[in-house]
Amino acid sequence: MEIWKLCVLFFCAFLGGTAIFLVKSDKSKLLKLILSFSGAYLFAITVLHLIPDAYSGSDKSEIGIFILIGFLLQIFLEQFSEGVEHGHIHKHHDGHVFPFGIMISLCLHAFLEGMPLAKEQHNELIFGISLHHIPAAFALASILMQNHYKKGSIVFYLIVFAIMAPLGFYVSVGLSNGTIGGLDAYFNKIMGIVIGIFLHISTTILFESSADHKINTRKMIAVLLGIGVALIGFFAGH
């Protein structure tokens, strides 16, 4: 993978988080539109690219099981992350308290999201993950700021989060070519788990980013734009 693609993954997450230092007013409406666009885009590329690729291997009958495992795994992770990967920002207790559950689950989530990138160089997936990590990193930085962490510490934890997706890519490269433990035969199963995570994340974003699950005009436009951009990439690649 070209170095610029890994830089996109890293800097979108990092800059999305450090934007917390620049925001002086409530941008929740803009954040919801970004979430709607990224959720629709992520869902579309999962259906158009990842699922067909996962079922192209020899173990097609088992892929559905691993997609369900990934879906359930994301439900489990959200018990600790409190929906930060959806861009949700929750008020936390005052004081210098580190949200271990949120940080660990968010990093694991980002690590797993980077793994499908090893199979083929999906530009669409790279941009989808990067867009999705912008509000997630912003929410993480907001929580750390609420807990009175200094700027230096917030930047450090944002770097840790931002490096997880590129790290997932490098580990997955080793798995796919058999250099790490000879696990090439299990790569499509890992893809199935990641697909399940993506399906949960994208659909949750689409249904939870508006009040009463109603889609207003602006959100509909953002959703259609997300799907439209994914379709353009799909047909351009064929």
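The values are calculated or read from the model by the stated rules, or taken from the named source; none is laboratory data. Given the structure is predicted, the values throughout are model-derived calculations rather than measurements. Because the Cβ atoms are built from the backbone with ideal geometry, glycine has one as well, and the counts that use them run over all protein chains shown. Remember, those area values only see protein heavy atoms, side chains included, never the ligands or the DNA or RNA. Shrake-Rupley method; radii C 1.70, N 1.55, O 1.52, S 1.80 Å.
Observations on the structure shown:
- Candidate set from region 10-27 (those that are modelled with pLDDT of 85 or more and of a type in the set (A, V, I, L, M)); member that is most open to solvent (accessible area, probe 1.4 Å): L15
- You will find that of V223, V173, the residue that is open to solvent by less than 80 Å² (accessible area, probe 1.4 Å), among the hydrophobic types (A, V, I, L, M, F, W, C) and at pLDDT below 85 is V173 and no other.
- Among residues of region 135-161 being open to solvent by 50 Å² or more (accessible area, probe 1.4 Å) and assigned to a helix (DSSP H, G or I), the one that is farthest from S36 (Cα to Cα) is G152.
- If you go through region 57-70 and keep only what is open to solvent by less than 80 Å² (accessible area, probe 1.4 Å) and modelled with pLDDT under 90, you end up with G57, D59, E62, I63.
Conditions (1) of a type in the set (D, E); (2) within 19 Å of W4 (Cα to Cα); (3) at pLDDT 85 or above, marked per residue:
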residue	(1), (2), (3)
A118	no, yes, no
L125	no, yes, no
G128	no, yes, no
H132	no, yes, no
M145	no, no, no
H148	no, no, no
I154	no, no, yes
A162	no, yes, yes
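- Every pair of residues 6+ apart whose Cβ atoms lie under 6 Å, when the first sits in region 61-83 and is on the phi < 0 side of the Ramachandran plot while the second is surrounded by 14 or more Cβ atoms within 10 Å (Cβ to Cβ) and not in a helix (DSSP H, G or I): I63/Y55
- Residue tally, condition open to solvent by 30 Å² or more (accessible area, probe 1.4 Å) and either modelled with pLDDT under 80 or of a type in the set (A, V, I, L, M) (or both), over region 28-52: 10
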